[in-house]
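Accompanying notes for the structure given below.
The values are calculated or read from the model by the stated rules, or taken from the named source; none is laboratory data. Remember, predicted model here, so these are calculated numbers, not experimental data. Don't worry about glycine lacking a Cβ; one is built from the backbone with ideal geometry, like all the others, and counts go over all protein chains shown. Only protein heavy atoms, including side chains, enter the accessible area calculation; ligands, DNA and RNA are left aside. Shrake-Rupley method; radii C 1.70, N 1.55, O 1.52, S 1.80 Å.
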Amino acid sequence: IYKRERAFVMPQLYTRVLEAVRAKRQQAADTDATSRVESMIVSSSKLAQELTQEIDDLNADECQTILRTLHDLGDILWYEDHVNGAFEDVVVLDPTVVLDIVREVVNHNHQHAVGDAYNALRDHGEMKHALLITFPLWKALSDKNEDLVLRFKRLLRYFNLAYPAGNDEMAVTS
């Protein structure tokens, strides 16, 4: 739905940054989970540095502003002021990666899976860490940086999709 007060013409510099992000997405298309996590979940400072080097006339402050705008538009995900700061330095260049990470947890296919960990999931709603990191994207997060697993667990909690078992704080292995 078009609303005049919400529409704007995207400045050329914004468009060039968006094109650079889309090019990075295209490079990661049809890659395995590890490559996808490695290339689509990046440090905000590293991304800003790369973009300012790639794009003429883009300085660091403008880059930060543009990245915030792209987050607001849904082109990237950068929860810098949310999730208790867990994502202030992490940008997800392809929002579908987050959807796929969530989909590995919230998945009807677990209903028919066999094993004690799946039984605990079905019977008690308890997702054991050992089971979680068997899923391809969660394993890739763990391989890239164990801290990313905790950050994404906190993101699931932020979206009210997961809660810590037995206490008020999530841990990497909980």
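Per DSSP H run of at least 4 residues, take -39500 (n - 2.57); add these up for the chain, divide by its residues and hand me the 222 nm value, nearest 500 deg cm²/dmol. Show your work: numbers first, answer last.
On the way: 9 runs with 96 residues, N = 174.
Taken over the chain, the calculation gives -16500 deg cm²/dmol.
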Asn84 paired with Leu99, simple spin-label distance in nm, labels 7 Å along Cα-to-beta-carbon: 2.8
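Remind me, relative contact order of the stretch 19-174 in percent, using alpha carbon pairs under 8 angstrom and six or more residues apart?
On the way: 161 pairs, mean separation 32.1, N = 156.
Reported relative contact order: 21 percent.
Report in % the part of the accessible area of the stretch 36-119 that belongs to carbon and sulfur, leaving out ligands and nucleic acids; probe 1.4 Å. Intermediate results must be reported in sequence, preceding the final value.
Working: 1980 of 4400 Å².
Summing carbon and sulfur atoms, their accessible area is 45 percent of the total for the stretch 36-119.
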So what's the Cα pair-distance distribution over the chain, bin width 5 Å, in %? 1, 7, 16, 19, 17, 14, 11, 7, 5, 3, 1, 0
Number of Lys pairs (Cα under 22 Å; 8 or more positions apart or on different chains) in the chain: 9
So, R0 is 25 Å and r is the distance between the beta-carbons of His108 and Tyr158; what FRET efficiency does that work out to, to 0.05? 0.65
